[in-house]
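The structure appears below as structure tokens.
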Amino acid sequence: MSMIAAVVLSAGESSRMGRPKALLPIDGQSFIEKIVGALKQSGIARIVVVLGFNADGMRRQVEHLPVEIVVNPDYKQGQLSSLQAAIRHLQSTGNCDGMLVHLVDHPYIDSRMVRSMIDSFGDSDKLIVVPCHQGKRGHPVIFSNQLFQELLDAPQDQGAKAVVNAHRDRTLEIDTDDAGITVDIDTPELYRQHVKGE
């Protein structure tokens, strides 16, 4: 079985939401608790949460979870800088075949889908595994450790997309009827629409 570490990116300021997305309530828990719970359920042993904005305050909210916390001091540079902080942490703390990257504003994550993504990654020679719903790509995304250096070298303004686009031929898309993979909740309107069912 592939040794996959999960990385949850939760470093942003949540400026459009007006409060930390990681801590928004959903189904009696917070977004971050729901995500970490699903990742644990899928059998992933290592979960890294990247914090940035108000890292100290956020750390107090997540340190009860079974996660490793990485603080990205350069979080204002964008998502890629947080991904790079996670990669450097993974490289310095042992071995993994790849990382499954998830965003804290995507609370609808299904442990069975994560499991099938990891199994598919292990069974194929692909470098990237991404779920698709009705032709639209979503999250989480698995990156092989063979891409770690490329991600570390990628330009901040392009983010991980540059690396994804460079390896279309070695990307495995997994079709799912789970619409949750594309649900990105980063405004109060979207939160009300999706979580409160308004």
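The values are calculated or read from the model by the stated rules, or taken from the named source; none is laboratory data. Since the structure is predicted, the reported quantities are computational estimates derived from the model, not experimental observations. For neighbour counting, all protein chains shown are included, and Cβ atoms are generated from backbone atoms with ideal geometry for every residue, glycine included.
For Glu63, the conditions (1) modelled with pLDDT under 95; (2) within 29 Å of Gln158 (Cα to Cα) all hold with the exception of (2).
Checking the conditions here, which among Thr171, Thr182, Thr176 is under 24 Å from Ala45 (Cβ atoms) and either among the aliphatic types (A, V, I, L, M) or surrounded by 15 or more Cβ atoms within 10 Å (Cβ to Cβ) (or both)?
Thr176
Note on the range 167-183: residues that are farther than 10 Å from Met113 by Cα, touching a helix residue (DSSP H, G or I) at 6+ places or on another chain (Cβ under 8 Å) and not hydroxyl-bearing (Ser, Thr, Tyr) total 3. Being under 26 Å from His194 (Cα atoms), in contact (Cβ under 8 Å) with a residue 12 or more places away in the chain, among the aliphatic types (A, V, I, L, M) and in contact with a strand residue (DSSP E or B) (Cβ under 8 Å, 6 or more places away or on another chain) is true of Val104.
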